[in-house]
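Just so you know, all these numbers are worked out from the coordinates, no wet-lab data involved. Bear in mind that the values here come from a model prediction, so they are computed numbers and not experimental data. Note: ideal-geometry Cβ built from the backbone for every residue, glycine included; neighbour counts use all protein chains shown.
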Amino acid sequence: MGEAPAFIVDDLQNVYQNGFSLKCKDSETAVTIHDKTYVISGCDEGSPLSVRVQVFDKTAGSWVTPVVLGKEPKPCKSFSAVSLNDDRILIIKKGSMPDDCIWFLEVDSQYVTEQKRILGTEVVSWSRGVVGNSETPIVISGPSGVGKGTLISMLMKEFPSMFGFSVSHTTRAPREMEKDGVHYHFTERSVMEKEIKDSKFLEFASVHGNLYGTSLEAVEVVADAGKRCILDIDVQGARSVKASSLEASFIFVCPPSMEELETRLRARGTEAEEQILKRLRNAEAEIEQGKSSGIFDHILYNDNLEDCYENLKKLLGLDGTVVATPNLPSEGIKLPAELSVSKIDNKIIINCGKPELEKASKSLIVLDVSLLKGGAPGRTRGLHVYAIDSFSDGLNGINELS
């Protein structure tokens, strides 16, 4: 039998069998799901240590240190945990910032199950809980010279508050006037390779010896700002995104003919004959994949730029039949340092009042987790938050907060 970490030994016998956190030190909590107990240990703010996860497998009678994927929550010294649907654990950090207090540790989700198969070991993965939903990102692909960049520029100009670009990562050195986090996220090759291995990148490619790629975090940041993310990537990149955990809409832009595409490429006057011929060869392959691969939800033909742009807006619901309004960024949930947690069906009840003030107005907050979307290794969206006017009203006096 494996040796249990010292911080677990004294408290394991107190683990609740119904999935609620045990009564142990403020910086430790444990949840039992079927034949496994997940023990999560936090640490004081400012500590160099990160949140730790240990798993006790009752069937094997041993402790396991799992591979932990996803972006971890910031260290904290007090939190509660509740199991949800036997595949993830809800973590509520006490007294944390509004955008950092709700997290999910996935233990048996589809993503985690796939990672267990690939890595051949125990795996868990973090995702941050976000109030409300966001529009699905848009992947736009098409051959060089088809005009997709122009279409995207027109969309961004007309609806600047609705759309945003993710900032790509690269291992090349920044050029003059380029700013980290604005033009690219400039990173070390070893760091990017590890994050690719940990499934933190939606797509990547090696170009002239340097890695380029789109991280899931970069896309989620755009959604956090209340905007719909646009990804301008090639067919191979679109294929990678399609196979990832990200839900997206896929649009392929076609030229009216190869002859017209050649005319447009030559009209640029910026490339040698050899480069033009190479682009045309690549375009033929991309168009074939775009039409027959099953990756793309919609095919647009750019015969006339204005007509194609109007068709793009129709696909996105921006043709005037609906009111185009930007999404509001989530402000998160503000929770005190003292709270208690319970669960009723798909609702998590958070008592924010002190014991003697349980009947105070709006001392209870309800998290509705019935409509969760997304998940590790990025964000879990779809949380709905309510306040209860008074304890005596029970669940009949619920007012929606967000």
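Under the simplified labelling scheme, the residue 225-residue 165 pair shows an inter-label distance of 1.1 nm, with each label point 7 Å from Cα along Cα→Cβ. Over the range 64-180, the fraction of Cα-Cα pairs per 5 Å bin, rounded to whole percents and listed from the shortest bin up, is 2, 8, 12, 13, 13, 14, 13, 12, 9, 3, 1, 0.
In whole percents, the pair-distance distribution calculated for the range 39-123 from its alpha-carbon pairs, binned every 10 Å from zero, is 16, 47, 31, 6. Over the range 133-273, Cα pairs under 8 Å with separation of 6+ residues give a relative contact order of 40 percent. Nearest 0.05, what FRET efficiency do residue 319 and residue 119 give at R0 = 51 Å with Cβ-Cβ as r? Between residue 319 and residue 119 the formula returns 0.65. I'd like the FRET efficiency for residue 299 and residue 337, computed as 1/(1 + (r/R0)^6) with the beta carbon distance as r and R0 of 41 Å, rounded to 0.05. After rounding, the FRET efficiency stands at 0.15.
How large is Rg over Rh for the range 204-322, taking Rg from the Cα atoms and Rh as the Kirkwood inverse mean of 1/r across Cα pairs?
Answer for the range 204-322: 0.99.
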